[in-house]
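Nothing in this text is a laboratory measurement; each read-out follows from the coordinates by a stated rule. Remember, predicted model here, so these are calculated numbers, not experimental data. Using ideal geometry, Cβ is built from the backbone for each residue, glycine included, and neighbour counts are taken over all protein chains shown.
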Amino acid sequence: MSQFKRSVAVLLLVVLCVGCDQLTKGAAQQYLAFEPPHSWFHDTIRLEYAENRGAFLSLGGGLSKELRIFLFQVFPAIWLVALALYLLFARSPSMLFTVAWCLVLSGGAGNLLDRVLHDGHVVDFMNLGIGSLRTGIFNVADVCITSGVVLLIVQAVWPHQPALPSELQR
């Protein structure tokens, strides 16, 4: 795949993921805030509005505002810019590697955008579980990040992928 086509694919994937994330967070704010949780399949899937000032599972939410801005906005912004530049201009070892890091970039950008637009917090609204065994409340950006990390682990465990047919490599 040419560098130009790969860069377009990177930008398209990031725009689609961030757009989906922001759209669903907007819907959550409009339809779930100040409402009781909505539940389906015997409470296996739950939509519940939450605002998270911390990181994963609200870690760091109790830190001072200044420290949270540095840890959750400034540092990630620098890291995300560096990752975006790498994805756009460096030769990637594989398409799976590129897609995985695009998902991480997209999720990070979606949550960073939330923090900038919403006074330092991220909108979360999805929760899964069976009985008392439940996930934390999360959002589409978190799904993107997790999916990207899983793909990176898959590539690390099974580094040799079958070659793509020549018509797909163009």
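Numerical summary
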item	result
Residue under evaluation LEU87, criteria (1) touching a helix residue (DSSP H, G or I) at 6+ places or on another chain (Cβ under 7 Å); (2) under 30 Å from PHE4 (Cα atoms); (3) not in a helix (DSSP H, G or I), criterion not met	(3)
Within region 107-133, tally of residues that are free of Cβ contacts under 8 Å to residues at least 12 places away in the same chain and either part of a helix (DSSP H, G or I) or under 15 Å from PRO37 (Cα atoms) (or both)	1
Residue count, region 5-36 (criterion: of a type in the set (A, V, I, L, M, F, W, C) and exposed (fewer than 12 other Cβ atoms within 10 Å of the Cβ))	3
Only one of SER2, SER39 that is surrounded by fewer than 14 Cβ atoms within 10 Å (Cβ to Cβ), of a type in the set (S, T, N, Q) and in contact with a strand residue (DSSP E or B) (Cβ under 6 Å, 6 or more places away or on another chain)	SER39
Residue tally, condition closer than 14 Å to ASP124 by Cβ, under 22 Å from the mean Cα position of the chain (by Cα) and assigned to a loop (DSSP other than H, G, I, E, B), over region 22-81	7
Every residue from region 42-85 that is surrounded by 13 or more Cβ atoms within 10 Å (Cβ to Cβ) and of a type in the set (Gly, Ala, Ser)	ALA50, GLY54, ALA55, SER58, GLY60, GLY61, ALA77, ALA84
